[in-house]
Amino acid sequence: MNPSNPPQAAEYGGDEVSAIVLDPGYATTRAGFAGEDAPKSLIPTYYGKYNADGQEKLIYGDDIFVTPRPGLSIHNPINKDGIVEDWDMAEKVWEHSFTSRLTGTKPGNPFQNGLNDIPSEELPTEMEVESDEKPLSDSPLLMTEPGWNPTKAREKTIEIAMEKWDTPAFYLARTGVLAAFASGKASALVVDIGASNISITPIHDGMILKRGVQHSPLGGDYISSQINALFKSNSPQPITITPHYLISAKAAVEAGQTPQAKYKTFPADKAPDASYRALLEERTLGEFKECVVQVWPGPTRLSALGPTGVSNEDMARTSPGRPFEFPDGYNQVFGVERFRVVESLFDAKAAIPDPESSFAPPTPAQTIPELVKASLAGVDVDIRPHLLANVVVTGGSSLLYGFTDRLNHELMQMFPGPRVRVTAPGNTSERRFGSWIGGSILASLGTFHQMWISKKEYEEHGPNIVEKRCK
Amino acid sequence: MAAAADVRDMLDLPAEGQPRPHKKQKVVEKRPEGITRELYALLGERAPPIAINENKYKGRPKWMNKLRVRPWSMAPFTNNARSDGLVLHHWQRKHESARPPVAAPAPEGSQMEVDQPKEEAKDDAPKPSEQEYAFAKYNIKPRLPQRYTDEDYARHLKSEDWSREETDYLVDLVTEYDIRWVVIADRYDYQPPMDTEPDANAIVPAKQFRTMEQMKARYYYVAATMLSLEHPPSEMSEAEFELHEKMLKFDPDRERDRKELAALQLNRTADEVREEAMLLEELKRITSNEQSFITERRELYSRLEVPISVGNTTMYQSSAGLSQLLQTLLQADKSKKRRSILGDGAIPSPAGQTPTHAGGLGRAETPVTQAANKKGSMASRDTQQNVRTLTPAEEARYGVQHHERVTAGVNFRSDRAQRLTQAKSNVQTQKLASALSELEIPVRLFMPTERVCKDFEKLIQSVNLLLDARKVSEKVESEIRVLEAAKAERERKYREAAGIPEPEHPHPQVKTEAEDGDAVVLDSSAGSAQAQSTNENPATQGHAHGAEGNHKRSASVLSGASESNKRQRR
């Protein structure tokens, strides 16, 4: 279609009402205007807390990475299960996500913006201006939630949106449904590989099937813990990650040699909290995941024998390794280990044991194939083939190299009869922001505007309306 | 300049300086606008190597200037699909001045009045546009039968298994999820009311898991009942009646069995799937082969029904005839009229393309094809010999034949068999045909295999032999009869002369073929004698006729034969 032609009225169902879509996740919070193709505002859900001048200060957004302030500690308002724990801070982080980039600063009161300053004695006292300007008073808000969000959390969410942010209309949609919408499907089996959780959500006609929703903690953070376990048991020497902020200079060294770097040291009273270091280590690990880690493409497991009779591990060994350089200059080529760190997503026995890790060793029921199986067992048999033919992969951790191939093989092996079709957008941002994009599509549809919970309805029915309307 | 002057010198042309300055003058006048006159003069008489062209912003075409700008505005709107009158804002083309904002309140509908107070509460925002929201029309709900009343329930819908409360819950859920059973079954979570009365608790079973089939059965029963209460089945429209029937006939057990089967089908192992795929592939192969077999067989049959061509090839023996044939062939090729000899759209066979038929000519072959055929057959024989020799049993099995002499071209076995039934004379042909029909053998063989043809050939030979034998025997018999008649005549005359009464005479001996010479001699006298007897004594003739009554046909044949005999004699 020629882009200069207006779309046909019959096929264009959009009607944009400048709604804001807010997709809070465990690692990042995405916000943007509905109708756009990527979130304008992407901030970490983590926030920093430190004391300065005797009072507690908070920092949000990308600023948390930048300065190792004394005593800076990093927190996350969302717990490992993906449910909000600290509502006050969640509200602040979310608010920052859209006020920093989207709603911006309103034109201030002309009396206070400094341009019309008049001597203070002349200021009329009755001109006291109400200062509680609410940030969202002219944008409808679409928020997302995981499929297993408890009722209390949902009610709390609408309460914040309506009372604290004063949004005229609100809707709470499930991430799974939105990810399916982003791939243009109303019925799908959504495999969401997030930072703290992996979840399988069966969707029928745009509604989740609650009995089929499955989730387990084998997300991106779990993979990080596996990589840490691998580093501890590394063969020439255990690898420790030293984040960039602790290094003042480094020299190039040969692969596998001890790093030659000058380290920064912070005196005990100036040093940031351990959680800050963990956050920055996590950044390096993220880089490692992007550059090195690879999912064994299948069709059989890494520990199994390949079709030629050679074990898959030996096959993996023959493929060239991938080098990685750590912030302190240490570098090494990673061979078959790079497959092992993610193998436990599919095969619980392949997990690298690490007693110090905060993650318990995975059970077979937590692996992706078993989750899919359990999820399908929870839905009606008639729609199972259809769901298998519409598997949607989303979530940032699903970008692991070779992940979709492996998933496809695992599903085909588990269900040799029906047709299995895995849909995964190739575009990185479409994969990372799948649920946000779905929300953007949904909130800009003309037919959707009858679904909003308006302020009036909220005032009439109370927060419980969210259970009735956002099903 | 100097070069030009030299050239003029050499060619004895007058040195003309005049026209050039004149031209320069012109160029100066055409000086581009962007350059001042002084600057341009500095360029001297040499034109700049780069053309100076002005890059001017073209702007919009002139006709566009007449168009008016159609502004957009952030306009509020309400959605009729909502009951709460939520006002949202979107960008909208501003209406032309046909409806000035001052006139807006006048045509305002009554429904807008409802929204009015809320808007005032905010600020005096412009009113939502009067036209209906375009997407409101997509707000549709499935039509469900009306809800039962208490009385209806008590009279028609009571059930052992389902309490009133649970039925209410189910119908609510169905309405809420628009009969999406998958979702309904997923969300179904009925909590029996915790009554204080102990009886109620005893009646209502503790939380019970309902399958989708149970829910469907209950709901369909309720809906069908309500539908028939609305309209008795006799008054229903066709669609309604169909729906009613469908809902009444819902069988939860069968549905459950079906789902069990579906689950089994879904959870097949890889081996089972592979086996099924293999079987399906096999089936496909068989059916496709069957199809091709059928078409081949049909082609064969239709080929058998081709009328036998009765032309001859003599006209193509000369070179002129051959060239004519070539012409016909080319023409037939050109016109591409592939008239199939298979009447009903069967695959055009190569035989169908032979021009001999199309041209209505006899079965003639071009020399080229003859040669090709010969070569092909030779080649095939060579390869056969090279490969291996077959035992007679195998030869019979594979239908391998060795020909003494391979005739040119293609011919049908049935044709050869047919030719056997054609005797030299028409009479003989008729006789053969009658003999075959007596034996109930069709003139055209049904299945002219090699063996059948051989047997047919043998049969025809023996029929011919028998016919010959009969002919001879009839001839001999007739001669005997004539001679006997002559002898009787003679004896009668003799007796008349002697006056002796008639004695009984033994029959004379039948003559053998060896006495043929005598028979011929006798025949001449017999001929005259017969002529006499036919003329003089019809009674005797009649007697002879009557004696041979059961061989009537043979008798007529006999007489015909004797006549032809006589003709030959003369």
Subset of region B:465-502 (residues that are within 30 Å of B:THR429 (Cα to Cα) and of a type in the set (Asp, Glu)): B:ASP468, B:GLU474, B:GLU477, B:GLU479
Among (1) over 30 Å from A:TRP452 (Cβ atoms); (2) at pLDDT below 90; (3) crowded, with 16+ Cβ neighbours inside 10 Å; (4) within 14 Å of chain A (Cβ to nearest Cβ) - the single one B:PHE135 does not satisfy: (1)
Complete set of residues in region A:167-194 that are within 30 Å of B:VAL87 (Cβ to Cβ) and in contact (Cβ under 8 Å) with a residue 60 or more places away in the chain: A:THR167, A:PRO168, A:ALA169, A:PHE170, A:TYR171, A:LEU172, A:ALA173, A:THR175, A:VAL177, A:LEU178, A:PHE181, A:ALA182
Residues that are within 14 Å of chain B (Cβ to nearest Cβ), surrounded by 18 or more Cβ atoms within 10 Å (Cβ to Cβ) and assigned to a loop (DSSP other than H, G, I, E, B), drawn from region A:365-389: A:VAL379, A:ASP380
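Restricting to strands (runs of 3 or more DSSP E) lying wholly in region A:167-268: which have 2 or more residues that are among the hydroxyl-bearing types (Ser, Thr, Tyr) and either surrounded by fewer than 23 Cβ atoms within 10 Å (Cβ to Cβ) or touching a strand residue (DSSP E or B) at 6+ places or on another chain (Cβ under 9 Å) (or both)? I'd like the intermediate steps shown before the answer.
On the way: elements: A:169-174, A:188-193, A:198-204, A:214-216, A:247-251, A:260-263.
It comes to A:198-204.
Evaluate the following for A:VAL392: is it more than 14 Å from every other protein chain (Cβ to nearest Cβ), outside any helix (DSSP H, G or I) and in contact with a strand residue (DSSP E or B) (Cβ under 8 Å, 6 or more places away or on another chain)? Write out each step before concluding.
On the way: more than 14 Å from every other protein chain (Cβ to nearest Cβ): yes; outside any helix (DSSP H, G or I): yes; in contact with a strand residue (DSSP E or B) (Cβ under 8 Å, 6 or more places away or on another chain): yes.
So A:VAL392 fits the description; yes.
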Hey, A:ARG406 under 20 Å from A:ALA348 (Cα atoms), among the basic types (Lys, Arg) and away from chain B (no Cβ under 14 Å) or not: yes
Sole exception among (1) aliphatic (A, V, I, L, M); (2) buried (at least 24 other Cβ atoms within 10 Å of the Cβ); (3) in contact with a Phe, Trp or Tyr (Cβ under 8 Å, 6 or more places away or on another chain) for A:ILE160, by number: (2)
A:VAL420 being part of a loop (DSSP other than H, G, I, E, B) and more than 10 Å from chain B (Cβ to nearest Cβ): yes
Answer residue from region B:196-221, given it is charged (D, E, K, R) and at pLDDT below 55 and is farthest from A:LYS468 (Cα to Cα) among those: B:ASP199
Residue in region A:282-305 that is in the same structural domain as A:ARG406 (by TED's automatic domain parsing) and over 31 Å from the mean Cα position of the chain (by Cα) present: yes
Failed item in (1) at pLDDT 50 or above; (2) out of contact with any Ser or Thr (no Cβ under 7 Å at 6 or more places or on another chain), with B:ASP124 passing the rest: (1)
A:PRO327 being touching a Lys or Arg at 6+ places or on another chain (Cβ under 8 Å), at pLDDT 90 or above and in a loop (DSSP other than H, G, I, E, B): yes
Residue satisfying condition, being surrounded by 11 or more Cβ atoms within 10 Å (Cβ to Cβ), within 14 Å of another protein chain (Cβ to nearest Cβ) and more than 30 Å from A:PRO416 (Cα to Cα), within set B:ARG210, B:ARG258: B:ARG210
Residue among A:LYS232, A:LYS185, A:LYS250, A:LYS210 that alone is of a type outside the set (Ser, Thr, Tyr), away from chain B (no Cβ under 14 Å) and farther than 26 Å from A:ARG406 by Cβ: A:LYS250
Among the candidates A:PRO362, A:PRO425, residue that is in a loop (DSSP other than H, G, I, E, B), more than 12 Å from chain B (Cβ to nearest Cβ) and within 19 Å of A:GLY176 (Cβ to Cβ): A:PRO425
Residue match in region A:433-448 (condition: crowded, with 22+ Cβ neighbours inside 10 Å, assigned to a helix (DSSP H, G or I), within 13 Å of chain B (Cβ to nearest Cβ) and touching a strand residue (DSSP E or B) at 6+ places or on another chain (Cβ under 9 Å)): yes
Output for region A:282-316, where each listed residue is at pLDDT 90 or above and either under 19 Å from A:ALA27 (Cα atoms) or part of a strand (DSSP E or B) (or both): A:GLU282, A:ARG283, A:THR284, A:LEU285, A:GLY286, A:GLU287, A:PHE288, A:LYS289, A:GLU290, A:GLN294
Count of residues meeting criterion [touching a helix residue (DSSP H, G or I) at 6+ places or on another chain (Cβ under 7 Å) and assigned to a helix (DSSP H, G or I)] in region B:130-183: 15
Test set (1) under 21 Å from A:LYS80 (Cα atoms); (2) surrounded by 13 or more Cβ atoms within 10 Å (Cβ to Cβ); (3) not polar (S, T, N, Q) - A:ALA274 fails condition number: (2)
Residue in region A:337-344 that is assigned to a loop (DSSP other than H, G, I, E, B) and either surrounded by fewer than 17 Cβ atoms within 10 Å (Cβ to Cβ) or not hydroxyl-bearing (Ser, Thr, Tyr) (or both) present: no
Where A:GLU430 falls short, out of the listed (1) under 24 Å from the mean Cα position of the chain (by Cα); (2) of a type in the set (D, E, K, R); (3) closer than 30 Å to B:THR269 by Cβ: (3)
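Just to be sure before I move on: is B:ALA223 under 40 Å from the mean Cα position of the chain (by Cα) and not hydroxyl-bearing (Ser, Thr, Tyr) in the structure I sent? It would help to see each step written out before you state the result.
Numbers: under 40 Å from the mean Cα position of the chain (by Cα): no; not hydroxyl-bearing (Ser, Thr, Tyr): yes.
Answer is no for this residue.
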Only listed residue being at pLDDT below 85 and surrounded by 11 or more Cβ atoms within 10 Å (Cβ to Cβ), chosen from B:ALA351, B:ALA320, B:ALA263: B:ALA351
Matching residues, region A:68-77, being at pLDDT below 90 and closer than 23 Å to A:ARG30 by Cα: none
Number of positions in region A:399-413 that are out of contact with any helix residue (DSSP H, G or I) (no Cβ under 6 Å at 6 or more places or on another chain), part of a helix (DSSP H, G or I) and of a type outside the set (Phe, Trp, Tyr): 9
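The values are calculated or read from the model by the stated rules, or taken from the named source; none is laboratory data. These figures come from a predicted structure and were not determined experimentally. Counting neighbours? That spans all protein chains shown, and the Cβs are built from the backbone with ideal geometry, glycine included.
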